[in-house]
Amino acid sequence: MYLNNSKIIVIKIGSSLLVDDNKKIRKKWLTTFAKDIKELKSKNKKIIIVSSGAIALGCKKLNIKNFNLKLDKSQAVASIGQMELMNLFSQTFSKFRLSISQILLTLDDTEERRRSINAKRTFENLFQLDHIPIVNENDTIATSEIKYGDNDRLASRVAQITNADTLILLSDVDGLFTKNPKIYKDAKLKKKINNLSKDTQGINLKGMTDTGKGGMSTKLEAAKICNLSGCNMIIANGLYLNPISRIEKGYDYTIFLSKISKLHARKKWIISSVSPKGELMIDDGAKRALLNGKSLLAAGIKKVSGKFSKGDHIKILDTNKKEFARGLSSFSSEEIYKIMGCQSKEIEKILGYISKSEVVHKDDMVEV
């Protein structure tokens, strides 16, 4: 039902769906998955696939184990594995006359406004060319400081950038349970989440993970991003053959229904940031002004945390250290440290050059 009303669908698949415990490629599964994609395409759906598996396939190619790899070695293995991954998709999808393309993204590609817009245009052009984008985090160049580390949140950012209607996270569990179903027999599947914060209260996520890097906690982080982007999100068990057809037939899954977002696309992008670079603590007067639609001025800033540059994402905290807004800084952290608590007319004299008077402009800020 939900997929019928979706024009753009992002589907995330993990390494465990492509390679089994014996390190054998699950070719039959991938064939049925491609058949599902063919069916969606026949209904004029635009499909994006976010896939793990580059390092796993690289290790298989080299006949090495993929644990305890140093960063530079894992980057080289990923480079080899990306070729294997795309060849696997190409060979399988071509049987159904499906054309694919590869898009490699890093955290910075989705966090920086200019790069995210460029990525969106690439996706749109690939749709026009009738190609299915296969997205993977660019492990060959990303360091631990600029990695998502899991494809759940990467997929949610891809969904947000492309204005997707539905994100499907194919996992090795049927969805979100009240407790770990592998331990507790009385665990119940939450089939529908209408209010993310309210409907997930009391759920103990400790130990409730799938075999991927992310686990259930990162899936909820992905749901938050989707929720603020007007995108529904589904968690379903992808270990079965024809996993998308199973969703359409009503087999068990959890759907997170999005709020109807009225945010401008720019503000959607701001609030969905995964890794803000710093924090500003402001006084009560500045908070009241922000809540009334005003910009943040230097006079209301009490503390600066982190090191960031002009244009970076930052959190805005109240005196109780609670985040209530996010925005793009018009100054670097070093500049703000010099001018915090000062009146706007004093800024030029303190810094020695003409600059904006707003530290965070109201158009670059979103209440959380």
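Conditions: (1) modelled with pLDDT under 95; (2) outside any loop (DSSP other than H, G, I, E, B); (3) surrounded by fewer than 22 Cβ atoms within 10 Å (Cβ to Cβ). K302 meets all but one. Number of the miss?
Of everything listed in (1) modelled with pLDDT under 95; (2) outside any loop (DSSP other than H, G, I, E, B); (3) surrounded by fewer than 22 Cβ atoms within 10 Å (Cβ to Cβ), K302 misses just condition (1).
Please state which one of I37, I55, I80 is surrounded by 17 or more Cβ atoms within 10 Å (Cβ to Cβ), under 24 Å from I161 (Cα atoms) and not aromatic (F, W, Y).
Selected residue: I37, the only one of I37, I55, I80 that is surrounded by 17 or more Cβ atoms within 10 Å (Cβ to Cβ), under 24 Å from I161 (Cα atoms) and not aromatic (F, W, Y).
Out of K287, K356, K315, I need the residue that is open to solvent by 40 Å² or more (accessible area, probe 1.4 Å), closer than 28 Å to Q160 by Cβ, within 26 Å of the chain's Cα centre (by Cα) and free of Cβ contacts under 8 Å to residues at least 40 places away in the same chain. Which one?
K315
Which condition from (1) under 28 Å from S229 (Cβ atoms); (2) at pLDDT 95 or above is the one that D283 breaks?
Answer for D283: the failing condition is (1).
R26 passes all but one of (1) surrounded by fewer than 21 Cβ atoms within 10 Å (Cβ to Cβ); (2) under 21 Å from the mean Cα position of the chain (by Cα); which number fails?
(2)
When the stretch 318-345 is examined, which residues are found to be touching a residue at least 40 places away in the same chain (Cβ under 8 Å) and either out of contact with any Asp or Glu (no Cβ under 9 Å at 6 or more places or on another chain) or open to solvent by 40 Å² or more (accessible area, probe 1.4 Å) (or both)?
Across the stretch 318-345, the qualifying residues are K321, E323, I336, M340, G341, C342, Q343, S344.
Which of the residues spanning the stretch 218-230 are in contact with a helix residue (DSSP H, G or I) (Cβ under 7 Å, 6 or more places away or on another chain) and either assigned to a helix (DSSP H, G or I) or modelled with pLDDT of 90 or more (or both)?
Once the filter is applied, which keeps residues that are in contact with a helix residue (DSSP H, G or I) (Cβ under 7 Å, 6 or more places away or on another chain) and either assigned to a helix (DSSP H, G or I) or modelled with pLDDT of 90 or more (or both), the stretch 218-230 yields T218, K219, E221, A222, A223, K224, I225, C226, N227.
Does A142 fit the bill of being modelled with pLDDT of 80 or more and either outside any loop (DSSP other than H, G, I, E, B) or among the hydrophobic types (A, V, I, L, M, F, W, C) (or both)?
When the stated conditions are applied, A142 does not pass them.
How many residues does the stretch 161-201 hold that are part of a loop (DSSP other than H, G, I, E, B), open to solvent by 60 Å² or more (accessible area, probe 1.4 Å) and in contact with a Ser or Thr (Cβ under 9 Å, 6 or more places away or on another chain)?
Adding up the residues that qualify gives 5.
The values are calculated or read from the model by the stated rules, or taken from the named source; none is laboratory data. Keep in mind that what you see is a predicted model, and the values were worked out from it rather than measured. Ideal geometry is used to build each Cβ from the backbone, glycine not excepted, and the neighbour counts take in all protein chains shown. Heads up: the accessible areas ignore ligands, DNA and RNA and are worked out on the full protein's heavy atoms, side chains in. Shrake-Rupley method; radii C 1.70, N 1.55, O 1.52, S 1.80 Å.
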